[in-house]
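Have a look at the structure below before the remarks.
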Amino acid sequence: MPTSATRRATRAEPARTSRPAPDPARRRASPPTPPVPPRLALSIQFEPGAGDCPADRAQLRRWARAALTRDAALALRFVGAAEGRALNRDYRGKDYATNVLTFAYDEAPATDGPVQADIVVCLPVVRREARAQRKTPRDHLAHLVVHGVLHAQGLDHEDEREAREMEAREVEVLRRFRIADPYR
């Protein structure tokens, strides 16, 4: 008849053999490192005629950073209608103030070096469009900041395929801030 010590050893044995042997290679592997977020050097400028901005500097930085896929040095300038109109006329040949203009300074492929660009937002146009679209000025501004940063990285909406890709990226970024799809 087996003793109680023998019975305990017999019971413990199946538990030991039911587990696979540890893989020595797995023990030595370190966990994957999380991706490093892109670095952002951001200058924020306000032209006196721009009026009040519906977001603070920290929020503007969060919106810009969320839209980045690579390092960037950006200037985000808020202007009034007169400067917005002059820039749009001088650089695009359109004699009216527009909501956002992006001046990208690097012609490098999308993976080489940091993005360098100036993004100009006309706050009177932002407020007017927000009212017309029944959005808050803050949500509309978030969309335009993200839109400008995506343009700085080479995204565009010149044809339908590019427009779909850019809009999808905008919606994805804005969703992180609980901002509704601006295209609906």
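A short reminder: the numbers here are calculations on the coordinates, not readings from a lab. Keep in mind that this is a model prediction, so the values were computed, not measured. We place every Cβ from the backbone using ideal geometry, glycine too, and count neighbours over all the protein chains shown.
In table form, for the structure just shown:
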{"read-out": "Residue match in the stretch 78-90 (condition: part of a helix (DSSP H, G or I), among the charged types (D, E, K, R) and free of Cβ contacts under 8 Å to residues at least 12 places away in the same chain)", "value": "yes"}
{"read-out": "Pick from the stretch 50-65, criterion surrounded by 15 or more Cβ atoms within 10 Å (Cβ to Cβ) and more than 14 Å from the chain's Cα centre (by Cα), ranking: nearest to Pro114 (Cα to Cα)", "value": "Ala55"}
{"read-out": "From the options Ala66, Ala117, Ala163, Ala97, residue that is in contact with a helix residue (DSSP H, G or I) (Cβ under 6 Å, 6 or more places away or on another chain), outside any strand (DSSP E or B) and under 23 Å from Arg176 (Cβ atoms)", "value": "Ala66"}
{"read-out": "Filtered residue count, the stretch 47-99, keeping only those that are at negative phi and in contact with a Gly (Cβ under 9 Å, 6 or more places away or on another chain)", "value": "20"}
{"read-out": "Matching option when the condition is surrounded by fewer than 17 Cβ atoms within 10 Å (Cβ to Cβ) and more than 19 Å from Ile179 (Cα to Cα), among Ala132, Ala82", "value": "Ala82"}
{"read-out": "One residue from Asp156, Asp118, Asp106 being within 21 Å of Asp56 (Cβ to Cβ) and of a type in the set (Asp, Glu)", "value": "Asp118"}
{"read-out": "Test: Val173 is under 14 Å from the mean Cα position of the chain (by Cα), under 14 Å from Phe78 (Cβ atoms) and in a helix (DSSP H, G or I)", "value": "no"}
